[in-house]
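First up is the structure itself, then whatever we jot down about it.
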Amino acid sequence: MKIAVRAVAVSFLAAGTACSHMAGYQGPAYDFRKSAVAAEPGKRSEGALPNGDSENRFAYRIELPAKGTLIASATPRNGAARLGVEIYGGGAKPIARGDAGKSAETGQLPPGTYWAVVSEPWSDRVETGFSFLALFKPADPDQLSGAFKVRSGARDLPAENGSVSDRVDYSGMKRTNYWRIDTPGEGTLKIAFEPQGNDLAAEIEGAGAAPQAIDPAAGYEKKDLPAGEYYVRVYAKGPGDAGSYRLSTVFEPGDPCKNAGPPCSREGAEELKLPQDSKVGDVDFKKAKQRHYYRASVKERGRLTIAFKVLEPRGSKLQAVFLRTPDGAGDRIVGTATKEIDAPGDYFIEVTAPATGDFGRYALQTTWQPANYVSGEVVELGRNPCLLTVQAGTNQGVRAGAPCTIVVGTNPAAIDSCVVDQAYPNLCKVRPLGTGCRIPNQNVKVQISQ
């Protein structure tokens, strides 16, 4: 009985020795699914051959969370080792194979469990440790990125001293982050990019014909950048690339008067005609047309009535300020205001778009009333032509060509400027300078300069 058992053992040993020299023999049977250890895509795992389960094979179990491609590779520590990789699904045959020194890559796979087997030829096996890496290449690398994977969902990154941080992960299906920068005006934009992971990239879109890379070492700088919206795209380049990053910005405003012309400074102020003038203009912070100055040069004491109205857009924050002195703070004009002028000189009105994003069109009207004047009531109003008959003439010091102001109400408010067209002993004809002959029929007087 013992002899028989010994004979059987010798037979098996002989068979194993013979098979070790047969072409294609890979050693004793090995259940790779049972022996497999878990491997997370994108993270290296260490293994060794031989090991407790096999002399020439080592298996890993890999979970794919979504549709995509699986890539697997093994790097031996022993330069003499020739390691290959095979990837299996649910069947007995591999779905992808990588020869020694090459990776194995599948086609598109559904989500599920897969196995990768690292092996070396039975006949040429050597003892070695190795590093194993599985990479998941998702069919949609931005499947879990959220709204900010595209421009329309970009988050805001302030142009002035902005700072943001986040993380991107190609195999984690969070490949892309978009950030929106809204520059307040023309100027210099600087962007710093600090990646803290493998193969992360950043680029700015909208500043040129094509996206421009933001160098992690040198950053990005663009002078004379027009005001507008720009987008920074941060992304992981390929399978396995992932990491955190930080973006920071600095914005240096340019000349707010670059495109506004001479009236953007007091020295180039636009002249206002007296006794009456009307202006229509526009200012725009982003277009480097931030201010517009007007100058009224008066030669005597009197009153200056100023009417300011924003024409468009509705809700615009344009401001008009009356300046008595070049360096003074000034008085803001809301609607219509009358200013007492106590001395001859130059007086300024500043129209401005005060802050980022402010712009608009406006209308400005000024009416001058001298302190020394003859006042007369309107006794007749002619519509065609528009002439007012006033109860004051040469006997009261009125002369043809004299400037005048039309006022209305018990507390007279200027509504238009005029000029004396004809003068008679106790009457005169005056011609309004405004359009449309919009003169009330009652309680109207004319103040004629002397």
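For the stretch 172-250, the Cβ-based charge dipole about the Cα centre amounts to some 220 debye (Lys, Arg positive; Asp, Glu negative; other atoms uncharged). Measuring nothing but how far apart in sequence close Cα pairs (under 8 Å, 6+ apart) lie, relative to its length, the stretch 127-196 scores a relative contact order of 36 percent. On the beta carbon distance between Ala413 and Asp255, with R0 = 30 Å, the FRET formula returns roughly 0.15. Based on DSSP H runs of at least 4 residues, each adding -39500 (n - 2.57), what is the mean residue ellipticity at 222 nm of the chain after dividing by all its residues, to the nearest 500 deg cm²/dmol? Helices in the chain give a 222 nm mean residue ellipticity of -1500 deg cm²/dmol. When only the Cβ of Lys, Arg, Asp and Glu is charged (+1, +1, -1, -1), the dipole of the stretch 91-244 relative to its Cα centre reaches about 440 debye. Of all lysines in the structure, the ones whose alpha carbon falls short of 29 Å from that of Lys299, not counting any fewer than 8 places away in one chain, are Lys273, Lys279, Lys309, Lys339, Lys429, Lys445.
In the stretch 232-359, with Lys and Arg counted as +1 and Asp and Glu as -1 at Cβ, which of these residues, Val232, Gln290, Ala337, has the Cα nearest the positive end of the dipole, that is, farthest along it? Sorting the options by dipole projection puts first Val232. Measuring nothing but how far apart in sequence close Cα pairs (under 8 Å, 6+ apart) lie, relative to its length, the stretch 220-311 scores a relative contact order of 29 percent. Normalised by the number of residues in the chain, the mean separation of alpha-carbon contacts (under 8 Å, six or more apart) gives a relative contact order of 10 percent.
With one equal scatterer per alpha carbon and no solvent term, the Debye-computed log10 I(q)/I(0) for the stretch 249-340 at 0.15, 0.17, 0.18, 0.20 1/Å reads -0.67, -0.86, -0.95, -1.16. Per the Cα gyration tensor, the chain maps to an equivalent ellipsoid with semi-axes of 94, 19, 13 Å, ordered largest to smallest. Each DSSP beta bridge with both residues in the chain is either parallel or antiparallel, and the antiparallel ones are about 95%. A Förster radius of 51 Å, combined with the Cβ-Cβ distance separating Glu229 from Arg438, puts the computed FRET efficiency at roughly 0.70. For the Cα atoms of the chain, what angle does the longest principal axis make with the long axis of helix 2-19, in degrees from 0 to 90, nearest 10? Rounded to the nearest ten degrees, it is 50.
Within the same chain, lysines fewer than 8 places from Lys34 are excluded, and of the rest, those with a Cα less than 30 Å from its Cα are Lys43, Lys67, Lys93, Lys102, Lys137. Count Lys and Arg as plus one, Asp and Glu as minus one, and take only other residues whose Cβ is under 15 Å from that of Asn426; the net charge is then 0. So which lysines can Lys190 reach, going by Cα to Cα under 16 Å and dropping same-chain residues fewer than 8 places off? Cα-Cα hits under 16 Å: Lys222, Lys223.
Taken together, the values in this text are just the output of simple stated rules run on the coordinates, not laboratory data. Please read all numbers here as calculations on a predicted model, not as lab measurements. Note that each Cβ is placed from the backbone with ideal geometry, even for glycine, and that neighbours are counted across all protein chains shown.
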